[in-house]
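Q: Here it is: the structure, laid out below.
Only the coordinates and a few stated rules stand behind these numbers; no lab work does. Just so it is clear, the model here is predicted, and its values are computed rather than measured. Cβ atoms come from the backbone with ideal geometry, glycine included; neighbour counts cover every protein chain shown.
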Amino acid sequence: MKLTEIPTPTPQTRQALIRLYAAGLNPFDTYIRSGQYARLPQLPYTPGGDGAGIIEALGDSVTRFKVGERVWVGGLGLGIGGTYAEYTIAPADSMGHLPDTLSYEQGAGIWVPYSTAYRAIYQRANVRAGETIFINGGSGGVGTASIQFLKTIGARIAASAGTDERCDHLRQLGIELAINYKTQDYVETIKQWTSDKGVNVILEMVAGKNLGRSLQALATGGRLVIIGSRSPVEINPRDIMSREATVTGILLFNATEQEMVQLYARLAAGMANGAISPIIGTSLPLAEAAQAHRLIGTSSIFGNLVLTT
C-alpha cells in the first residue's frame, strides 16, 4: 500500500464528488488487499468502501443531494471510487445524508458495520424479541453495531472479546453477559447462562476458528450466521443434526435490490432516532493506512477503526 498523488476525479451522470474527511476500515478491506475476497478489483486501485465527507460537485441527474451537504458513503472500492483518499467519486445510490449529531469519523463507520449487522440479524437470522443472542467477537464494528440493533428489539445479548477491558466496554453497552474467550470456555459459559439450553442465535465473526465449537452452544432450532472467516474449518455434522440447527452465511454485496432498500431505510431511521451511534475506537491519519490494516482484528481496537484526511 503506497500513498500517492492522483488527479481529482470528475463526477459523471448520477455521481457525486465527495471531499472525504474520514474513511472506515473493515476486515473485508484486508481480505481484498491480500487477494482472499470473493470479488477483487483491477490493480492498482484505491482501497476503502466506507467514508464520510462533504459533496463538492454533482453529475447530471442527481436530485436527492446538494453541493455542500454532509454525507456518508458505502460500498465503494471495487468498481468505482475508494475512500482511502481526500476525494472520491460515489454513485448517488450509495450515499446517505449524515446528520449533524454524528461526526465524520462516525459517518465512516456506518455502511459495512450496520448493514452487515442488520442483514445478519433481520434478513438471515430473523431474530425475534426475547430471544438469546451470542455475538462471538462482539467488540469490533459489526459486533457493536449488532448490539445496538438487538437492544431495540429486546433481545437478551451475550458477546465475547479478547481482553477484560473490552469485556468491560461491552457491558457498558448494556449486554447481559460478556465473555473473555481467552480465559473462559465460552460454550460452557453460554450453557450456564441459558440453563443448559443454548442460545437461539449466534453471530459468528471468526468461523474458520470457532465454528465447530460454536455449534455446541446453539439451542434446539437455533440459527448461526457466519459473518467472517479467514480459513477452512472442520465440524461435526451431528452438532447441527441433533439441534435441527440452521447455519447460513452472509456477503453484503449479495443483497437483493429489495433488501438494499430495506437496509438504506433502516439506516436512515436509526440515525434519525439515535439508535445508530458508531463507536470509534481508533483514528489514524491516511498516511498510516498500512499500519491500520495491521491493527484490524487485534485486541487493541474496540469499535471502529478509521482513517482521517
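Q: Given R₀ = 51 Å, FRET efficiency for residue 183-residue 69 by Cβ-Cβ distance, to 0.05?
A: Working: r = 47 Å, r/R0 = 0.93.
The pair residue 183/residue 69 has a calculated efficiency of 0.60.
Q: Would you compute, from DSSP H runs of 4+ residues alone, the mean residue ellipticity of the chain at 222 nm, taking -39500 (n - 2.57) per run and dividing by the full residue count, rounded to the nearest 500?
A: On the way: 10 runs with 84 residues, N = 309.
My calculation for the chain gives -7500 deg cm²/dmol from helical runs alone.
Q: Running a GNM on the chain with Cα contacts under 10 Å, which residue among 43, 173, 17 ends up with the highest mean-square fluctuation?
A: Result for the chain, Cα springs under 10 Å: 43 fluctuates most.
Q: Applying 1/(1 + (r/R0)^6) with R0 = 45 Å to the Cβ-Cβ distance of residue 269 and residue 298, what FRET efficiency is obtained, to the nearest 0.05? Write down the numbers at each step before the final one.
A: Numbers: r = 33 Å, r/R0 = 0.74.
Rounded to the nearest 0.05, the efficiency is 0.85.
Q: Here's a follow-up. With a cut-off of 8 Å between alpha carbons and a minimum separation of six or more residues, what is the relative contact order of the range 161-309 in percent? Mind dumping the intermediate values first?
A: Numbers: 190 pairs, mean separation 21.9, N = 149.
Relative contact order comes out at 15 percent.
Q: Under the rule a/c < 1.5 gives rounded, and otherwise a/b versus b/c splits prolate from oblate, where does the range 113-253 land using the Cα gyration tensor? Don't jump to the answer; show the numbers that get you there.
A: Numbers: a/c = 1.24, a/b = 1.13, b/c = 1.10.
Rounded.
Q: Quick check on the exposure proxy: order 197, 66, 209 from fewest to most C-beta atoms within 10 angstrom. Please report the intermediate quantities before stating the final value.
A: Numbers: 197 14, 66 10, 209 17.
If I rank by nearby Cβ atoms, fewest first, I get 66, 197, 209.
Q: If the chain between residue 277 and residue 128 were fully stretched, how many nm would it gain, using 0.36 nm times the residue separation less the Cα-Cα distance? Can you show the working numbers first?
A: Working: separation 149, 0.36 × 149 = 53.64 nm, distance 2.21 nm.
Contour length minus Cα-Cα distance gives 51.4 nm.
Q: Here is a further query. Quick check on the chain: of the DSSP beta bridges with both residues there, what percent are antiparallel, nearest 5%? Could the numbers behind the result be given before it?
A: On the way: 24 of 51 bridges.
Roughly 45 percent of the beta bridges in the chain run antiparallel, per DSSP.
Q: Ordered by packing density, taken as the mean number of other Cβ atoms within 10 Å over each peptide's residues, highest first, how do 157-167, 249-259 rank? Numbers along the way, then the final one.
A: Numbers: 157-167: 21.2, 249-259: 13.5.
Order by mean packing, descending: 157-167, 249-259.
Q: Taking amide hydrogens as modeled 1.01 Å from N in the peptide plane, which residues meet the under 5 Å criterion relative to residue 179, leaving out close sequence neighbours?
A: The list, which skips near neighbours in sequence, is 159, 160, 161.
Q: On to the next question. Below 8 Å between Cα atoms, with a sequence gap of 6+, how large is the relative contact order for the chain in percent?
A: Values: 669 pairs, mean separation 57.0, N = 309.
For the chain, the relative contact order is 18 percent.
Q: Further question on the same structure: So, R0 is 41 Å and r is the distance between the beta-carbons of residue 10 and residue 165; what FRET efficiency does that work out to, to 0.05? Walk me through the intermediate numbers first.
A: Numbers: r = 46 Å, r/R0 = 1.13.
In this case the efficiency is close to 0.30.
Q: Related question: Once you charge only the Cβ atoms, +1 for Lys and Arg and -1 for Asp and Glu, what is the size of the charge dipole of the range 42-152 about its Cα centre, to the nearest 20 debye?
A: Details: 7 positive and 9 negative charges, 97 e Å.
That gives the range 42-152 a dipole magnitude of about 460 debye.
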